[in-house]
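J.: For reference, the structure I am asking about is given below.
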Amino acid sequence: MQFLIDNFPLLWDAFLTTLSLSLLAGVLALVLGTLLAAFRVSPIPPLRGLSTFYVETFRNTPLTVVFFFIIFGLPQIDFAVGFFTGSVLAVGFYTAAFVCEAVRSGINAVSAGQAEASRAIGLTFGQSLREVVLPQAFRSVVPPLGNVWIAMVKNTSIAAGFAISELTASMQRLSNANAGELLLVLVAVVIGYMLITLPSAYAISRVERRVAILR
């Protein structure tokens, strides 16, 4: 335990880095993923094609490759970003593809009569989507979005290979310097991730129950 106490500042900083990376990437993924889902159900073919291309590209590309492209590839065209910013973009862009599919499934679950009724009262496609369809769609996609969030938090561990001192990087650093304390380091890192994912899972279940009551 003394070992963990002595290294608590390092582990705490790593935990905050993981939390910050997860929150920023999560917001980016939610906003971009929702926009992509709107494009996928749009009556405009180029928007549908663009969204489909994006989703299929990122869903079928390893996240590590996305990291390499953003952090090391973009500087080749004079568009350099910092390691932390690049990590947020990589995780956010990658996760947006999965958010898009989750939201799109929710949109498809909304009765077609809802959209027809909104058009009958003069709402445009955008207004109908924003004011009628999406609010109902989000109620049905709370569980899948929650799963995407938890998977994304664990995916932030890849940032350890790109000079980001998050939880996995701290584990590598401490275990290399203190091989005899490897088990303690692993337990501490697992607890760090669980401090993010378990409260998230609880909050998601509460929201899901609350939404179920409102239906």
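The values are calculated or read from the model by the stated rules, or taken from the named source; none is laboratory data. Quick caveat: nothing in here was measured; it's all calculated off a predicted structure. Here the Cβ positions follow ideal geometry from the backbone for every residue, glycine too, while neighbour counts run over all protein chains shown. Surface accessibility is based on the protein's heavy atoms, side chains included, excluding ligands, DNA and RNA. Shrake-Rupley method; radii C 1.70, N 1.55, O 1.52, S 1.80 Å.
J.: Quick one: angle between helix 167-177 and the longest Cα principal axis of the chain, in degrees between 0 and 90, rounded to 10, please.
T.: 20
J.: With all protein chains present, how much of the accessible area of the chain (probe radius 1.4 Å) comes from carbon and sulfur, to the nearest whole percent?
T.: On the way: 7780 of 11650 Å².
About 67 percent, which is the carbon plus sulfur part of the accessible surface.
J.: Given +1 on the Cβ of Lys and Arg, -1 on the Cβ of Asp and Glu, and no further charges, what dipole in debye does the chain carry about its Cα centre, rounded to the nearest 20?
T.: Working: 13 positive and 10 negative charges, 164 e Å.
Charge dipole of the chain: 780 debye, to the nearest 20.
J.: A further question on this structure: Give a residue-ordered list of calculated ³J(HN,Hα) values for region 49-65 (Karplus: 6.51 cos²θ - 1.76 cosθ + 1.60, θ = phi - 60°; whole Hz; x for Gly, Pro).
T.: So the Karplus estimates, Gly and Pro as x, are x, 4, 5, 4, 4, 4, 4, 5, 5, 6, 5, 10, 10, x, 4, 4, 5 Hz.
J.: Just want to confirm a number: the relative contact order over region 72-215, from Cα pairs under 8 angstrom separated by 6+ residues, in percent.
T.: Details: 92 pairs, mean separation 34.6, N = 144.
Across region 72-215, relative contact order equals 24 percent.
J.: Additional query: For region 91-138 and region 1-52, write down the distance between their C-alpha centroids in whole Å.
T.: That distance is 21 Å.
J.: Among Ser157, Ala96, Leu47, whose Cα sits farthest toward the positive end of the charge dipole of the chain (+1 at Cβ of Lys/Arg, -1 at Cβ of Asp/Glu, about the Cα centre)?
T.: Highest projection toward the positive end goes to Leu47.
J.: If I model a spin label at Val31 and Ala109 as a point 7 Å from the Cα along the Cα→Cβ vector, what separation in nanometres do I get?
T.: 2.6
J.: With a 1.4 Å probe and all protein chains left in place, how much accessible area per residue does region 1-103 have, in Å²?
T.: Averaged over the residues of region 1-103, the accessible area is 51 Å².
J.: Right, another one. In whole Hz, what ³J(HN,Hα) sequence does region 113-129 give by Karplus (6.51, -1.76, 1.60; θ = phi - 60°), x for Gly and Pro?
T.: Once rounded to whole Hz, the list reads x, 5, 5, 5, 5, 5, 5, 5, 8, x, 6, 6, 4, x, 5, 4, 5.
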